[in-house]
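Step one of this worksheet: look at the structure below.
What follows is calculated from the coordinates using simple rules that are stated; it is not laboratory data. These figures come from a predicted structure and were not determined experimentally. Neighbour counts run over all protein chains shown; Cβ positions are idealised from the backbone, glycine included.
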Amino acid sequence: MVAKKKTTTTTTTKKKVVTKKAAPVKKVATKKAAAPVKKVATKKAAAPVKKVATKKAAAPAVKKTVKKAPTKRKPNEAFMKPLMPSEALAAIVGASPLPRTEVVKKLWAYIKKHSLQDQKNRKNINADDKLLEVFDGKKTVSMFEMTKYVSKHLS
């Protein structure tokens, strides 16, 4: 047997390698950054997160809000209990039993009618002859003290 010679042919082609030189980089003058400013930590309200709808949903049902009819406040029963005024207080508000709220209303009506409220300090009430008995002889009484003295004359 005759051995066949294996022959390989190689073709060499010369490749030209072209290299380009890069353009020189120009340096740009920059300003130095200012010193960082310290921020004071403050509490901020978290922004509400918005939900992003991925699919177009059906129109949301509109909720109908039913407004309730305003109900009258029920007054405290202790204030509405009729009380009998003393003789000194009865000369101003009347002799019949009245709730504490009505007594104060009538007392203020008397004060305004006779202009007994102090002109400089509107919190004070200057007593006349009838009110001197109710205020235990004090000529000037503040609005807040007035209720204290009136409560002594109610039973």
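What's the magnitude of the charge dipole for the stretch 79-152 around its Cα centre, counting Lys and Arg as +1 and Asp and Glu as -1 at the beta-carbon? Answer in Debye, nearest 20.
For this selection, approximately 340 debye.
Beyond 31 Å between alpha-carbons counts as too far, so tell me which of Lys81/Lys138; Lys72/Lys112; Lys81/Lys120; Lys74/Lys120; Lys67/Lys112; Lys64/Lys105 fall in that bin.
Correct reply: Lys81/Lys120; Lys74/Lys120; Lys67/Lys112; Lys64/Lys105.
Need one word for the stretch 68-133: rounded, prolate or oblate. Basis is the Cα gyration tensor (sqrt eigenvalues a ≥ b ≥ c); a/c below 1.5 gives rounded, then a/b vs b/c decides.
Verdict is oblate for the stretch 68-133.
Could you tally the net charge around Leu83, taking each other residue with its Cβ under 12 Å from the Cβ of Leu83, Lys/Arg +1 and Asp/Glu -1?
The answer is +2.
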